[in-house]
1. I'd like to know if the range 78-86 contains one or more residues that are touching a residue at least 60 places away in the same chain (Cβ under 8 Å) and part of a strand (DSSP E or B).
2. Output the number of residues of the range 96-105 satisfying the condition of being buried (at least 18 other Cβ atoms within 10 Å of the Cβ) and either part of a helix (DSSP H, G or I) or in contact with a helix residue (DSSP H, G or I) (Cβ under 6 Å, 6 or more places away or on another chain) (or both).
3. Which one of the conditions (1) assigned to a loop (DSSP other than H, G, I, E, B); (2) surrounded by fewer than 17 Cβ atoms within 10 Å (Cβ to Cβ); (3) not basic (Lys, Arg) does GLU33 fail to meet, given that it meets all the rest?
4. Limited to the range 7-24, what total is found for residues that are surrounded by 15 or more Cβ atoms within 10 Å (Cβ to Cβ) and more than 18 Å from GLU81 (Cα to Cα)?
5. Starting from the range 53-69, take each residue that is at positive phi and list its partners that are in a loop (DSSP other than H, G, I, E, B) and basic (Lys, Arg), counting only C-beta distances under 9 angstrom and pairs at least six apart or across chains.
6. Among the residues of the range 1-36, write down those that are over 19 Å from LYS98 (Cα atoms), touching a strand residue (DSSP E or B) at 6+ places or on another chain (Cβ under 7 Å) and aliphatic (A, V, I, L, M).
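Coordinate-derived values only; no laboratory data. It should be emphasised that the depicted structure is a prediction, and the values quoted were computed from it without experimental measurement. Counting neighbours? That spans all protein chains shown, and the Cβs are built from the backbone with ideal geometry, glycine included.
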Amino acid sequence: MTVRIRRIYEDPESTDGARVLVDRLWPRGISKERAQLDSWCKGAAPSTELRRWYRHDPDRFEEFAERYRDELGDHPEALDELRRYADAGSLTLLTATKSVEISHAAVLRQLLREE
């Protein structure tokens with residue numbers, strides 16, 4: 001299973017496999033044609049409250065990851081969708097976040113790899 005994370009603003013690559021946007025809001029300045037998505041999985045995004053609390057502060061990442069994993073327990077259908085894509089081949093989780101390695105997409109990638 002190959003699960004990657006990338007910014008939606010990067011050009012699609014042939015190695016992306018299934019391209020799934022995991023943000024709650026559509027990214028500014030990106031057309032649906034340019035995004036070349038297989039799916040938009042809004043249910044996999046963190047709640048607005050958690051996202052605002054976190055503010056991509058690296059010092060809060062560990063606690064954010066724990067809280068986010070707890071939230072995902074309330075959205076099993078979102079994780080099931082991502083699992084189906086990952087089981088079928090390569091999966092690229094897309095986000096508008098600038099720091100993808102300390103984003104919810106990084107937590108999702110880790111969850112999928114653990115299974």
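1. The answer is no, given that none of the residues of the range 78-86 is touching a residue at least 60 places away in the same chain (Cβ under 8 Å) and part of a strand (DSSP E or B).
2. Adding up the residues that qualify gives 4.
3. The one condition GLU33 does not meet is (1).
4. 4
5. From residues that are at positive phi, the pairs are HIS56/LYS98.
6. ALA18, the sole residue that qualifies.
Rundown of residues vs (1) of a type in the set (A, V, I, L, M, F, W, C); (2) touching a helix residue (DSSP H, G or I) at 6+ places or on another chain (Cβ under 6 Å), yes/no style:
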position: VAL22; (1), (2): yes, yes
position: ARG55; (1), (2): no, no
position: ARG60; (1), (2): no, yes
position: PHE64; (1), (2): yes, yes
position: ARG69; (1), (2): no, no
position: GLY73; (1), (2): no, no
position: LEU94; (1), (2): yes, no
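Yes/no matrix, rows are residues, columns are (1) in contact with a Lys or Arg (Cβ under 8 Å, 6 or more places away or on another chain); (2) loosely packed, with under 11 Cβ neighbours inside 10 Å:
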residue	(1), (2)
ILE5	yes, no
TRP26	no, no
GLU49	no, yes
TYR85	no, no
SER90	yes, no
VAL107	yes, no
